[in-house]
Amino acid sequence: MTVLMTTPTRRRPARAVPTGQQSRRRRVAVSRALLWPALATSIVLTQIPFVLTIYYSLQRWNMLRPGDRGFTGLDNYVSVLRDGSFLSSLGATVAVTGTSVVASTLLGMLFAVLLDRSFVGRGVARTLMITPFLVMPAAAALVWKWSILDAATGMANWGLGLVGLPPVAWNTELPMLTIILVLTWQYTPFAMLILLAGLQAQDRDVLEAAAVDGAGALRTFGSITLPHLRQYVEIAVLLASIMLLQVFDPIAIMTRGTGGTKTLSYLLYERAFVGLEVGEAAAYGVMTVLVTIVVASVALRTLFKVFSTEGIDR
Amino acid sequence: MMLTRTARRQAAPAGLAAAALALALTACAGAGGGGDGGSAGQGGGPVELTLATVNNPQMKDMEELKSAFEEEHPDITVNFIQMEENDLRDAVTKDVATDGGQYDIVTVGSYEVPIWAQNGWLTDLTGDLGSDADYDVDDLFEPVKDALTVDDSLYAVPFYGESSMLMYNKELLDAAGVTMPEHPTWQEVADIAREVDSDDVDGICLRGKPGWGEVFAPLTTVVNTFGGSWYDAEWNAQVDQPEFAEAVQFYVDLVEDAGEADPVSTGFTECLNNVSQGRSAMWVDATVAAGLLEDPESSQVAGKMGYAHAPVVETEESGWLWSWNLAIPETTQNRDAAVEFVKWATSKEYHQLVGTELGWSRVPPGARNSTYEIPEYEEAAASFAPITRDIMLAVNPEQPGVAPQSWTGIQYVTIPEFQDLGNQVSQDLADVFAGRSELAPVLERAQDLAQEAGDAQK
């Protein structure tokens, strides 16, 4: 902190006044010096654990067998690839995350459009709509499990009964849908917030001009509002994907990884804390990083490119 | 607010990579950990003991009463760290396996005691307990003690223990005109369950929630009594044998015909809920549940319940055996003080103290014979104490099934790999409960997994 106080221009006046180039070089040097502590901290905090993970992934180490620990080369990776659970988990992650993100974004768009008009009690409605995002994930999963989706006393089956439909054993019969429901419920407000900000940043003059030109509500939305929202949709999808990739609580509390809900984070948890296989879990972790980097750099870029060629140029 | 176009492009992979990295780190968070030795040295000076325990009601009672111990031993203070069962297992495994030495006393389940003892993680308590005539180590329930003994050495002391039994709602069974024998067979129980089952009431509640300690606690006892087993005496996996399949098929069919609607959600707590609200007529589960069902404050069926031995097919008994035990890790710096506390918390005097201070129904059950001779306890737990004691003494952890086995334990296999094995098989079983898969392929995969774990023991 003290470093911040000494800027080069406040040096003793006895010194020769530096030329322009010297002063710029010094400024750069000081800026770099100021950057170092933060950079070093983030390297220590992010890269050392990663290197350690790689180290552990090369170890044969079950925590309940302390005597049998040692270097095992790439054996852990071989068993990760040979065992089918990595690929099926990857599929489950893509399915659960993808569906929830798409559903959250679509619903978020709907609610954002509804909340964008002024009506009495808009502030209250907005606060209520945001609430699910503020509930702790574990608490939300418990509420869904006990109050809403309980087979005998839950509200969902009560509602189905009102319209004459048979009750559903949610976690047993429809585990994937159950998880997607909870996640969509929780992340719709998040998408809604971002899209609402986008809607409110829209230029009213353009909308007025469209109305003057005789465009209807649907045409205005499709040709003017949607292209304007594109960046906001991208951000919402990106951030929601990052958060949902790590989702754990509803799976642990409700379906326990059954019926196609064993996502990568739950698989990692199981290998590390149920199997107590430190080496194998670390190998799964490293594989996850690799696959995610590939997916992120190839798939997402392509996806966004599709968006931008189909959309209207900014 | 918006990022520039290029920055955004780069932010996407970087952000996702960071998220993935976070995932990876969670995986190895278990590897670090550890602490810096005990607090005070041996002999002289005040000693501070750290006790890591599950947050069960009986353990909370122990914390409430610890001041009585501290008054008797002014130079010892005891700090409790309460955790969920899974958290405790992780925390203690990590601490002990990495020589952390954070804990002077730990509560360990009966599944882990032999494994940890063989790893050299627990101190041998045989001498400390046997030399003290007042402590009366022979008063501890024999089957429980057997499960905690490795090569004739006792590595932990039971704080409380349980078996499993059949609990049934007498009103619902009477209404259907059926009576329950004291030693029912599974076939009788299944018939009664299907008879009683109606739109409003489930015939029976049986755990279906994935996890080696969830569905496979009752299910392994069913497998045992059907004549099946996870392994034979030479560690050959027996999951592909017809008895194993028959038992699992029986269990799944019974749940589907007359059991709870949502088996994958249903564990101990959910069944307790169903039975105590009168929505399930029968339940096979831990004996400690009886105390909760008979509590009029939380249960609508208090006084209406009947109890019978766990149903059997080919064996005499099929109750399981579980105990929460106090043990002292090898890494402690305060062994003498820790022994003092362990003896106090598992003594006859402690049971008297709980009875007089907190109420007789809260005395830790299933640990000592003498507990069942305390008149006040017999009165407070009249409906289930005698049968609990009978079952606890009758079960045989050395050979719970038809064939001999090479481990001690009933509803689990005492090898490190079992929690992983049980967990994976129970997840596949969820597909069978849901009708997404047949039983045969699930058991085929289970056989391979089991054989892999069995080979590690040979």
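The numbers here are math on the coordinates, done by the rules we state, and not lab data. This is a predicted model, so every value here is computed, not measured. All Cβ positions, even for glycine, are placed from backbone atoms using ideal geometry, and neighbour counts span all protein chains on display.
Per-residue Karplus couplings for the stretch B:303-309, computed as 6.51 cos²θ - 1.76 cosθ + 1.60 with θ equal to phi - 60°, are listed in order as x, 9, 9, x, 10, 9, 4 Hz, Gly and Pro entered as x. When you restrict to C-alpha pairs under 8 Å that are six or more residues apart and normalise by the size of chain A, the relative contact order lands at 27 percent. The shape of the stretch A:83-310 can be summarised by an equivalent ellipsoid whose semi-axes, obtained from the alpha carbon gyration tensor, come to 35, 25, 14 Å from longest to shortest.
Report, for the protein assembly as shown, the % of DSSP beta bridges that are antiparallel, rounded to 5. Numbers along the way, then the final one.
Working: 27 of 40 bridges.
Counting only bridges with both partners in the protein assembly as shown, antiparallel ones make up about 70 percent.
Extension gain, residue A:87-residue A:135: 0.36 nm per intervening residue step, less the Cα-Cα distance, totals 14.1 nm. Computed across the stretch B:93-186, the Kirkwood hydrodynamic radius from all distinct Cα-Cα pairs reaches 16.5 Å. Each Lys and Arg adds +1 at its Cβ and each Asp and Glu adds -1 at its Cβ; summed about the Cα centre, chain B shows a dipole of about 1800 debye.
Rounded to the nearest 20, the size of the Cβ-charge dipole of chain A about its Cα centre is 1920 debye, with Lys and Arg at +1 and Asp and Glu at -1.
What ranking of A:50, A:71, B:341 emerges when the number of other C-beta atoms within 10 Å of each C-beta is taken as an exposure proxy, fewest first? Could you put the intermediate results ahead of the total?
Numbers: A:50 16, A:71 10, B:341 24.
Ranking A:50, A:71, B:341 by Cβ neighbours within 10 Å, fewest first, gives A:71, A:50, B:341.
May I ask for the net charge around residue A:220, where only other residues with Cβ less than 11 Å from the Cβ of residue A:220 are counted and Lys, Arg are +1 while Asp, Glu are -1? Taking every other residue near residue A:220 into account, the sum is -1.
Treating each Cα of the protein assembly as shown as one equal point scatterer and applying the Debye formula with no solvent, the log10 of I(q)/I(0) at q = 0.12 Å⁻¹ comes out as -1.44. On a per residue basis, the convex hull of the C-alpha atoms belonging to the stretch A:36-80 measures out at 95 Å³.
Over all distinct Cα-Cα pairs of the stretch A:205-310, the Kirkwood formula returns a hydrodynamic radius of 17.3 Å. For the protein assembly as shown, the residue among B:51, A:245, A:210 whose Cα projects farthest onto the positive side of the dipole built from Cβ charges is A:210.
For the stretch B:377-430, a simple Cβ point-charge model (Lys and Arg +1, Asp and Glu -1, everything else neutral) yields a dipole of about 80 debye relative to the Cα centre.
Modelled this way, with points 7 Å down the Cα-to-C-beta line, the labels at residue B:336 and residue B:348 are 2.7 nm from one another.
Among B:170, B:343, the order by Cβ neighbours within 10 angstrom, fewest to most, reads B:170, B:343. Footprinting exposure proxy ranking of B:458, B:94, B:60, fewest other C-beta atoms within 10 angstrom first, gives B:458, B:60, B:94. Close amide H partners of residue B:79, meaning residues 5 or more places away or on another chain with modelled amide H under 5 Å apart, are B:49, B:50, B:51. Here is what passes the span test in chain A: the DSSP H helices with alpha carbon length of 15 Å or more along the helix axis and a Kyte-Doolittle mean of 0.5 or above are A:85-116, A:122-134, A:175-200, A:226-245, A:278-295. Remark: relative contact order (chain B) = 23 percent; criterion is Cα-Cα distance under 8 angstrom and separation of 6 or more residues.
Along its three principal directions, the equivalent ellipsoid of chain B from the Cα gyration tensor extends over semi-axes of 35, 33, 23 Å, largest first.
For the stretch A:185-262, the C-alpha radius of gyration sits at 1.57 times the compact-globule guess of 2.2 N^0.38 Å, with N the residue count. For chain B, the residue among B:355, B:311, B:211 whose Cα projects farthest onto the positive side of the dipole built from Cβ charges is B:211.
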